[in-house]
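Bear in mind these aren't lab numbers, they're just calculated from the coordinates by the rules spelled out. Computed from a predicted model, the values in this text were never measured in an experiment. Heads up, the Cβs are rebuilt from the backbone with ideal geometry, glycines too, and the neighbour counts pull from every protein chain shown.
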Amino acid sequence: MNTVIETRDLTKKFGDFTAVDHIGFSVAKGEIFGFLGANGAGKTTAMRMLCGLSKPTSGQGLVAGYDIAKQSEQVKKNIGYMSQKFSLYEDLRVGENMRLYAGIYGVKDKLINPKIDETLAQLGLSAEKNTLVKELPLGWKQKLAFSVAIFHEPQIVFLDEPTGGVDPITRRQFWELIYEAAGRGITIFVTTHYMDEAEYCNRVSIMVDGRIDALDTPANLRKQFQAENMDEVFRKLARKAVRS
Amino acid sequence: MGKLNCNLLNKSYGEVHALKNISFEVQDGELFGLIGPDGAGKTTLFRILTSLLLADSGTGSVAGLDIVKDYKELRNHIGYMPGKFSLYPDLTVEENLKFFATIFNTTVEENYKLVKPIYSQIEPFKNRRAGKLSGGMKQKLALSCALIHKPEVLFLDEPTTGVDPVSRKEFWEMLRQLKNEGITIVVSTPYMDEANLCDRIALIQHGEILSIDTPEEIVTQFPKKLYRMPIVETQNIASLQLTQLRKNPDIESVFMFGEYLHVTFKNDAARANNDLPLQEITPTIEDCFIALMNRV
């Protein structure tokens, strides 16, 4: 198995508080991996470590083949990141945003322009190249933000609640983009509060109080917790949480 | 006359027509939900109804008071919890609550009974600064502060956005309790599954109300028979199956819903043409929202 994320006993403490408590898991290339948990369970802290933004207190993590503690700059170059809150510069045009991110990630100059045109054509947004991002409908912005996050062909893309507040049709179209990227071998690491979206992942982990309390395919989790759907699985696990 | 009325409200920001002829009524004691995605106009509508923003045209009243002419009096009768955390981060939990009680000319003691079920959960942290609270605790404090003057109508703008499913359920239980106290509640949310927890809902998109009714009635208005079929699990989960079904001329729509696909056919004969593992189901509010979006 070609592994792109692997952690062992990964731990982060803030003073006396153990935000992430010895988590160990691995994610295979091209996998869609759902990272769930209640608010305060430690998801964001874990994700920040995996992205090279926060140093672990103890334990190990390899992301895209690099050590997250010692090679955080290499980690950052080989991943993409998109959050619901911020992704694109509203006052830059569509093409300018893509140019900016491609430059930051060190994509070669001569490759950038053809790739911008190709990406926009795939999204059906060729006519919007010179439109200011703030003038785009939300659904288009989401798709564009995702394309920008994977513009430099990272091995992994981290999606932090990418579909929050998005209308139901756009939300589903967004998942089709995710499948398409996973089909090309890009590993997807995604958090969501929509439990129907947990079903769209190949495997799902659920964090409770800093630990990973469950990790399996959605079908196996449903079986294991004798639940009708992922919402019920989540509720059964999260109810055990001590901290809020 | 309802507890809240609005008639043909319009609001534009430059060329963006944020609200288009919005009219509806909320009855006394009702728990009313505005359901729609970001950018639908929910916050603009809340700000107009709470007298914080003027509509370009149209009228409205809340608790019998005009939202423009009687704005000063109106503010004594409503509570408003904005989507963004808006308390003072440098004041403690207790100081924030006292502050809001004072500006409404009342005391914490006077209305303690109303906020107690919520406030008692954060009272152990009453000396902690509000900015240092966890998300869930901030939300409970904000709700306590919006309630401390015993408003007749409570406006909650996306109180559960970004909140996990378990905490969301707890929040809705708190709303049910407040409703039992006789408070009229208007709440907005982008989560379609919360619609069923409201007495009545308005589905809103692009500044327009798509439908307004009880959740049960909106479901019965779904225009077609709806079927579900299991998603065939493959490496690339649903996409292949989805692409094939979309090419099928008998099928009108097909969308992913968790581990199932939801399918409608052009007509019953078209359904009979296809030997698929289908099961007829009752639509969810999200199915209805999608159908209404496609109609527009």
Q: Based on alpha-carbon positions alone, could you give the equivalent ellipsoid semi-axes of the range B:84-171 from the gyration tensor, as √(5λ), descending, whole Å?
A: 20, 15, 12
Q | Most mobile of B:Leu49, B:Leu133, B:Leu203 in a GNM of chain B (Cα contacts under 10 Å) | A | B:Leu133
Q | FRET E, pair B:His77, B:Gln221, Förster distance 35 Å, beta-carbon r, rounded to 0.05 | A | 0.55
Q. Which of the GluC sites (Glu not before Pro) across the range B:205-296 are loop residues per DSSP, with 15 or fewer other Cβ within 10 Å?
A. B:Glu233
Q) What are the GluC sites (Glu not before Pro) within the range B:79-123 that DSSP puts in a loop, where the Cβ has at most 11 other Cβ atoms within 10 Å? A) B:Glu109
Q.
Output the 0 to 90 degree angle, nearest 10, between the alpha-carbon long axis of helix A:94-104 and the longest principal axis computed from the alpha carbons of chain A.
A. 60
Q. What does the average come to when, for each residue of peptide A:192-199, you count the partner chain Cβ atoms lying within 10 Å of its Cβ?
A. 5
Q.
Check which residues have an amide H placed less than 5 Å from B:Phe257's amide H, if you skip close sequence neighbours.
A. B:His262
Q: Distance between Cα centroids, the range A:48-103 to the range B:181-224: provide it in whole Å.
A: 39
Q) Which of B:Ala142, A:Leu92, A:Leu111 sits farthest toward the positive end of the charge dipole of the protein assembly as shown, with +1 on the Cβ of Lys and Arg and -1 on the Cβ of Asp and Glu? A) A:Leu111
Q. Which value, in nm² and rounded to one decimal, describes the direction-averaged projected area of the C-alpha convex hull of chain A?
A. 13.5
Q: Give me the distance in nm between label points sitting 7 Å out from Cα along the Cα-to-Cβ direction at B:Leu53 and B:Asn10, one decimal.
A: 1.7
Q: Output the Cα-based Rg and Dmax of the protein assembly as shown in Å, rounding Rg to one decimal and Dmax to a whole number.
A: 24.3, 70
Q | Potential lengthening between A:Leu53 and A:Lys29 on full extension [0.36 nm per residue; Cα-Cα distance subtracted] | A | 6.4 nm
**Q.** Derived scalar couplings ³J(HN,Hα) [the range B:63-72; Karplus, 6.51 cos²θ - 1.76 cosθ + 1.60; whole Hz; x for Gly, Pro]
**A.** 6, x, 10, 6, 6, 9, 5, 9, 4, 5
Q) Could you give me the ³J(HN,Hα) list for the range B:121-128, computed from phi with Karplus coefficients 6.51, -1.76, 1.60 and θ = phi - 60°, whole Hz, x at Gly and Pro? A) 5, 10, 4, x, 10, 5, 9, 8
Q. Taking only C-alpha pairs under 8 Å that are 6+ residues apart, what is the relative contact order of chain B in percent?
A. 20
**Q.** Rel. contact order, % - alpha carbon contacts under 8 angstrom, at least six apart, chain A
**A.** 26
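With r as the distance between the Cβ atoms of B:Gln244 and A:Asn130 and R0 = 35 Å, compute the FRET efficiency 1/(1 + (r/R0)^6) and round to 0.05.
After rounding to 0.05, the efficiency reads 0.40.
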Q: With a cut-off of 12 Å, note down the residues of the range A:9-50 whose backbone N falls inside the zone around a label point 7 Å from the Cα of B:Ser134 toward its beta carbon.
A: A:18-19, A:38-43
**Q.** For chain A, share of DSSP beta bridges that run antiparallel, in % to the nearest 5
**A.** 55
Q. In deg cm²/dmol, rounded to 500, what helix-only [θ] at 222 nm does chain B give when every DSSP H run of at least 4 residues adds -39500 (n - 2.57) and the total is split over its residues?
A. -9000 deg cm²/dmol
Q. For chain B, what is the largest minus smallest coordinate of the Cα atoms on each principal axis, given in angstrom and ordered from greatest to least?
A. 70, 44, 36
Q. Around B:Ser51, with a cut-off of 13 angstrom between Cβ atoms, what is the net charge of the other residues, counting Lys and Arg +1 and Asp and Glu -1?
A. +1
**Q.** Cβ neighbours within 10 Å from other chains - mean over A:163-176
**A.** 6
Q. Which far-off residues, 5 or more places away or on another chain, put their amide H under 5 Å from the one on A:Ala69, with H placed in the peptide plane?
A. A:Gly61
Q) A:Leu123 versus B:Lys84, label points 7 Å from Cα toward the beta carbon: distance in nm? A) 2.5
